[in-house]
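Asks: I have a structure here, written as structure tokens, and I will follow up with some questions on it.
The values are calculated or read from the model by the stated rules, or taken from the named source; none is laboratory data. Being a predicted model, the structure only gives us computed values, none of them experimental. Counting neighbours? That spans all protein chains shown, and the Cβs are built from the backbone with ideal geometry, glycine included.
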Amino acid sequence: MAARVTVPLLRARKGRDKIVMVTAYDATFARMLEEGGADVLLVGDSVGMVVQGHDTTLPVTLDEMIYHCRAVCRGARIAHIVGDMPFMSYQTSPQLAIESAGRLVKEGGVGSVKLEGGAEMAETIRTIVRAGIPVMAHVGLTPQSVHAMGGFKVQGKGADAERVLEDARAVEAAGAYAVVLEGIPGELAERITDELTIPTIGIGAGPSCDGQVLVCYDLLGLTPDLRPKFVKRYDDLFARGVAATQSFVSEVRDGSFPAREHTFAARAPAATASEPSNDAPVYGSVALPR
């Protein structure tokens, strides 16, 4: 089995092999995405929008993030796991931030944490890193600042480019091992990537970053009402799920499911390939391979 992806390994890939990061929120998706080749699984506070049904990420709590981090860590054996620090779990003071980050690592089991903000969060990043917890930074469009930004809007256009660049410089100087660049012009992302010595991971930031991240629900086509410009859909699992459910509904109503092979007998004859033995566990082994 391959070794776990670590922070030093990710840093060493700067300017070399592209880093692939995908969000994950449970054990099954974690296993699927890891087997698909993802290097990093981000347990994102985007769970608030794609799983919980909120309009923003703001309602997500630290306890909820720890719950999802635990689930993802159970499903992944190789990928590096990053836990998002939710809104108001770190903004009020470096002391609160280090306590929240510590809980994500100790209780959630993640290998590093991610927080949003640039220069204003430099001291907070520095404090967490000094405690031995690796930090992935996040600048540009920061969803937790949606109200201050007036919506989910592209950042770093025109004169605002210098602010985003300064934010990227600040988080690197504070000790972040990588930085997410979200919702900024491709030319600016390329400039930041060329200047920084830490990996940049883009989302809506063009092709020049050292890696890319997408929300798993978006790339799999599970969010039919949300179609960001920067997302490429690699499947349409929502439509396929609807079709599969329709087939199930139809077979239940016409009596074709459950069939004989899905039914336990009162007396168990010798098991065949098409008919389970009564001695077999009802659900089999539910443990994920380690």
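Asks: Within the stretch 86-124, which residues are under 15 Å from Val43 (Cα atoms), of a type outside the set (Gly, Ala, Ser) and touching a residue at least 40 places away in the same chain (Cβ under 8 Å)?
Replies: Selection gives Pro86, Phe87, Arg103, Leu104, Glu107, Val110, Lys114.
Asks: Now for a different question. Looking at (1) in contact with a Leu (Cβ under 7 Å, 6 or more places away or on another chain); (2) among the hydroxyl-bearing types (Ser, Thr, Tyr); (3) assigned to a helix (DSSP H, G or I), find the lone condition where Thr28 falls short.
Replies: Just one mismatch for Thr28, condition (1).
Asks: Within the stretch 215-261, track down each residue that is closer than 30 Å to Val154 by Cβ, aromatic (Phe, Trp, Tyr), at pLDDT 95 or above and not in a helix (DSSP H, G or I).
Replies: Matches in the stretch 215-261: Tyr234 only.
Asks: Before we move on, is Thr263 of a type outside the set (Gly, Ala, Ser) and either at positive phi or without any contact (Cβ under 8 Å) to a residue 40 or more places away in the chain (or both)?
Replies: yes
Table: residues versus (1) basic (Lys, Arg); (2) assigned to a loop (DSSP other than H, G, I, E, B); (3) buried (at least 19 other Cβ atoms within 10 Å of the Cβ).
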residue: Ala2; (1), (2), (3): no, yes, no
residue: Asp45; (1), (2), (3): no, yes, yes
residue: Gly53; (1), (2), (3): no, yes, no
residue: Glu64; (1), (2), (3): no, no, no
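Asks: Show the residue pairs meeting these rules: Cβ distance below 7 Å; 6+ apart or different chains; first residue within the stretch 61-75 and in contact (Cβ under 8 Å) with a residue 24 or more places away in the chain; second residue hydroxyl-bearing (Ser, Thr, Tyr).
Replies: Pairs that qualify, where the first residue is in contact (Cβ under 8 Å) with a residue 24 or more places away in the chain and the partner is hydroxyl-bearing (Ser, Thr, Tyr), are Leu62/Ser89; Leu62/Ser100; His68/Tyr25; Val72/Tyr25; Gly75/Thr28.
Asks: Taking the stretch 171-189 as the region of interest, how many residues are touching a Cys at 6+ places or on another chain (Cβ under 8 Å) and assigned to a helix (DSSP H, G or I)?
Replies: 1
Asks: Could you check how many residues of the stretch 150-170 are out of contact with any Pro (no Cβ under 9 Å at 6 or more places or on another chain) and assigned to a helix (DSSP H, G or I)?
Replies: 12
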